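Shown next, in structure tokens, is the structure this report addresses.
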Amino acid sequence: MDEPIVRPKAVDSAFQAVLASVAVSAIGTVVTVLLDKALLTSWVTQTMDSMPPDQRLDPNTMVGAMQVILAFSIAIFAGLFVLFAVKMRAGRNWARIVLTIYTVFGVWSFLTAIASSGAELSLMWSLAEVAFGVTAVIYMFRPESSKYFAETKERRLRSTRRP
């Protein structure tokens with residue numbers, strides 16, 4: 001019987017950093033978008049201005065529907081990334097790669113937003129999300145973490161080869 005693989009502290013720290021990034025992202029989106037009725041009304045009004053008058057709906061109804069859709073989307077997004085974090089913590093390399101790619105896109109998006117608009121207050125949520133994401137990636141690729149992912153993969157492959 002195989003002895004248990006010890007998960008390094010770095011992987012647990014990466015897990016916590018991913019959860020913090022997800023929480024900051026979800027809360028930031030709720031505060032800066034979902035609860036900003038003026039922003040949502042502006043989006044709805046701009047969209048409806050391009051529609052024929054007989055197809056336009058009540059803006060307040062559309063804002064309410066948009067808030068429900070956004071809330072549902074935030075919950076799905078958060079749930080998916082918690083799943084990726086759990087799988088990463090369990091030693092799944094694909095989850096580590098997905099989280100890394102997401103972090104790279106997040107850093108790129110943040111830097112692009114800073115370059116185009118300057119240091120707006122609303123970008124502070126993104127800064128915190130990116131900082132936690134980069135921290136997680138650093139922990140996920142420390143030597144002890146890489147060894148853990150390799151050992152977990154080897155164990156899984158060995159168990160599938162056994163009769």
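The values are calculated or read from the model by the stated rules, or taken from the named source; none is laboratory data. These numbers come from a predicted model, not from an experiment. Please note: Cβ atoms are built from the backbone with ideal geometry, for glycine as well, and neighbour counts cover all protein chains shown.
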Would you call VAL107 more than 24 Å from TRP43 (Cα to Cα), at pLDDT 95 or above, under 22 Å from the mean Cα position of the chain (by Cα) and assigned to a helix (DSSP H, G or I)? no
List the pairs whose first member sits in the range 1-26 and is in a helix (DSSP H, G or I), whose second member is of a type in the set (Phe, Trp, Tyr), and whose Cβ atoms are under 6 Å apart, counting only residues at least 6 apart or on separate chains? ALA10/TYR139; VAL11/TYR148; SER13/TYR139; ALA14/TYR139; ALA17/PHE132; ALA20/PHE132; SER21/PHE132; VAL22/PHE81
Across the range 135-149, what is the number of residues that are touching a helix residue (DSSP H, G or I) at 6+ places or on another chain (Cβ under 7 Å) and either buried (at least 17 other Cβ atoms within 10 Å of the Cβ) or part of a loop (DSSP other than H, G, I, E, B) (or both)? 9
Can you confirm whether GLU120 is charged (D, E, K, R), closer than 23 Å to ALA23 by Cβ and out of contact with any Cys (no Cβ under 9 Å at 6 or more places or on another chain)? yes
Is it true that some residue in the range 49-63 is polar (S, T, N, Q), surrounded by fewer than 11 Cβ atoms within 10 Å (Cβ to Cβ) and not in a helix (DSSP H, G or I)? yes
Looking only at the range 7-48, how many residues end up being of a type in the set (Lys, Arg) and surrounded by 15 or more Cβ atoms within 10 Å (Cβ to Cβ)? 1
